[in-house]
Ligand code: NAD
């Protein structure tokens, strides 16, 4: 069975219909390309055919793009010389699209040939837009839900089937840049206004047919003599400014840590200097370069394939549907207010409780403010606002919790307060209600002791700000049962976030890894490492925030609180005395971070960072002999990654996919790497173990090679090979 079929009408129009077997949206596979080519060949050769329309058999969409599962494996399946195999494969696809674009015209005179239009019922993404871009005119249905664009950059690649070259030539580099560099998606009307597509109509198939029969002029501008790129090519004075600006912007945003953005820009710049067919070749070379870079397959694996698998319940235990109908949120502070908001946005009825009506109302007003902002940005309507607010009952009355099937507790981080709340809740709700705590530091198993049914007690750990952060960490206590896990997973799915499920150990997974990163940064301050070197080393690794900025954002007093509690729990084994010295000193100086407008950074009266605080050097002088960048980076990187490996060794993590996806979504771990385990696979276990030995010798036992990593180094194993095999077994 083939994904493309063709019907030749009596009117002289051949309609090629794309309908990927057994998928709700079309995706391109390697096998489908020759089918498409054969149909185009047939139609071009048939004298009875006057024009061709390419459309989709799916309602409301043209295509979702290339099958990313295929892209992730392209390198492996490209033969002994993968770079050549990939390049040849890409050029093969280019030849087919170029055949559509040239459509049988005489190469010299541009005479003859047949017009080819694309008729899109809706969404057209990635290759699903690159094929239409090769056609002569793009008609799209007036479908406001449809998304049009080239999102490849979001998963570490770039449009490599002519989309980069065609869009730049169609729109000009400046206008194309948000679509190429940021993966911006638009609805059909906005896509037309921007010049991405040509027409928005009621019936795209009818309009496309009419157009191809109207004897239109259809040669592409870049195939005509005297073509000039809109906005100017790189050597044109206007174009020159575009490229200087774009290059600065890309480097500013990515710090050079994302290879795809750089490759894309190179393909655009170099392609703009040469004729079209050479530009396609350049695009294919850069795309090959990106596919050969392990970063692209690691990013696709974590940010697309595994993220989606976790969202669809890859680790959900067998249990009947646990969709939440009514949730009780206890504590209407920063976290509770956000949890109420995201629940109501998902259509769930919410009871939001605090100890005073004023506090409960304040929590609800967070949703009011959120919806008002949405209305001012035209993303929400007053009706939607009323509907969402109507779902939230802000009260102090625990009786209102009756009928709740899930409770999320977000009161003060205090065992006593939490225990009291647990008891009060359980006096009202039914025996099937699942009780979740949003604690970030207290052991779930301990908190469950206040509950009359530890099987129904679980951790659902949100990150702040709740409405922006995509990850939710679900924590199983020792006695947590399957139904509670299923409930938590079904709830996270309802509110459209990504879950990971971990076991109950100090700081669970995300905080366990991020704290050593912060601490390593502070430790270096104590040693006299230049703070700018610490911060920039982190940024150049692709971390969204340097460790010192992260302390400022999360606040020094929170750090002090966590340090004191951890020390109390660990006693003599506590390893971070050096860190605490700096942290407690900052606390004494009342430099608490952003919230006090003073921290490791200085801030102006509007709260804008003005640079690293110069006063730090008086207390912790910068030493003359500074470490090299690579050493600073490896300290910051291994501090996090080794903690991830230990979490796996100890069984806190049960699935390395969760370790990688959780790291990127939870604390922004260098996304280009695909996550801590992917990073270790990229550098290889033998080198990682050797590097740990060196770091241990130089900086101390916190870098000791975990036994698992040592064993893998000796056996030459990779995490994704070893643990995928173990999972399958
Ligand atoms: P917060 O101080 O902003 O809010 C706590 C709220 O709970 C307050 O409004 C308080 O009035 C209310 N409260 C206290 N005792 C109560 C009681 N007995 N009954 C009803 N309401 C009561 O704190 P927060 O930052 O929202 O944190 C709440 C929980 O979430 C904590 O367990 C914290 O560890 C956890 N958490 C916080 C973050 C974060 O970044 N702030 C992230 C993840 C988890």
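The values are calculated or read from the model by the stated rules, or taken from the named source; none is laboratory data. From a predicted model like this one, the values you see are computed outputs, not experimental measurements. Backbone-built Cβ (ideal geometry, glycine too); neighbour counts: all protein chains shown.
Worth pointing out:
- Evaluation of residue 379 against (1) surrounded by fewer than 17 Cβ atoms within 10 Å (Cβ to Cβ); (2) within 15 Å of the ligand (Cβ to nearest atom) (one fails), failing number: (2)
- Selected residue (only one of 114, 84, 108 is closer than 19 Å to residue 39 by Cα and over 29 Å from the mean Cα position of the chain (by Cα)): 114
- Among the residues listed as 303, 273, 310, the single one being away from the ligand (no atom under 16 Å from the Cβ), under 16 Å from residue 460 (Cβ atoms) and outside the structural domain of residue 465 (by TED's automatic domain parsing): 310
- Test result for residue 344, farther than 30 Å from residue 563 by Cβ, modelled with pLDDT of 95 or more, surrounded by fewer than 20 Cβ atoms within 10 Å (Cβ to Cβ) and away from the ligand (no atom under 12 Å from the Cβ): no
- Helices (runs of 4 or more DSSP H) fully within the stretch 64-178 counting 3 or more residues that are modelled with pLDDT under 95 and farther than 21 Å from residue 188 by Cα: 68-74, 82-102
- Yes/no for residue 40 being assigned to a helix (DSSP H, G or I), over 34 Å from the mean Cα position of the chain (by Cα), buried (at least 19 other Cβ atoms within 10 Å of the Cβ) and modelled with pLDDT of 95 or more: yes
- As for the stretch 268-284, it holds no residue that is modelled with pLDDT under 90, out of contact with any strand residue (DSSP E or B) (no Cβ under 7 Å at 6 or more places or on another chain) and surrounded by fewer than 17 Cβ atoms within 10 Å (Cβ to Cβ).
- Among residues of the stretch 347-360 being within 9 Å of the ligand (Cβ to nearest atom) and out of contact with any strand residue (DSSP E or B) (no Cβ under 6 Å at 6 or more places or on another chain), the one that is farthest from residue 430 (Cα to Cα) is 359.
- Being farther than 20 Å from residue 491 by Cα, within 11 Å of the ligand (Cβ to nearest atom) and under 28 Å from the mean Cα position of the chain (by Cα) holds for only one residue in 333, 374, 338, 363, and it is 333.
- Of the residues contained in the stretch 209-218, one or more are found to be in contact with a helix residue (DSSP H, G or I) (Cβ under 9 Å, 6 or more places away or on another chain) and at negative phi.
- Look at the stretch 194-210: where a residue is closer than 9 Å to residue 117 by Cβ, no partner that is surrounded by fewer than 17 Cβ atoms within 10 Å (Cβ to Cβ) and at pLDDT below 95 sits 6+ places away or on another chain with Cβ atoms under 9 Å.
- Among the residues making up the stretch 561-593, a single one is within 16 Å of the ligand (Cβ to nearest atom), modelled with pLDDT of 95 or more and outside any strand (DSSP E or B): 592.
- Helices (runs of 4 or more DSSP H) fully within the stretch 335-430 counting 2 or more residues that are within 17 Å of residue 460 (Cβ to Cβ): 415-426
- Selection within the stretch 408-425 - more than 19 Å from residue 325 (Cβ to Cβ) and more than 7 Å from the ligand (Cβ to nearest atom): 414, 415, 416, 418, 419, 422, 423, 424
- Matching residues, the stretch 275-330, being part of a helix (DSSP H, G or I), within 22 Å of residue 668 (Cα to Cα) and over 17 Å from the mean Cα position of the chain (by Cα): 290, 294
- Residue within the stretch 231-250 that is surrounded by fewer than 16 Cβ atoms within 10 Å (Cβ to Cβ), part of a loop (DSSP other than H, G, I, E, B) and on the phi > 0 side of the Ramachandran plot present: no
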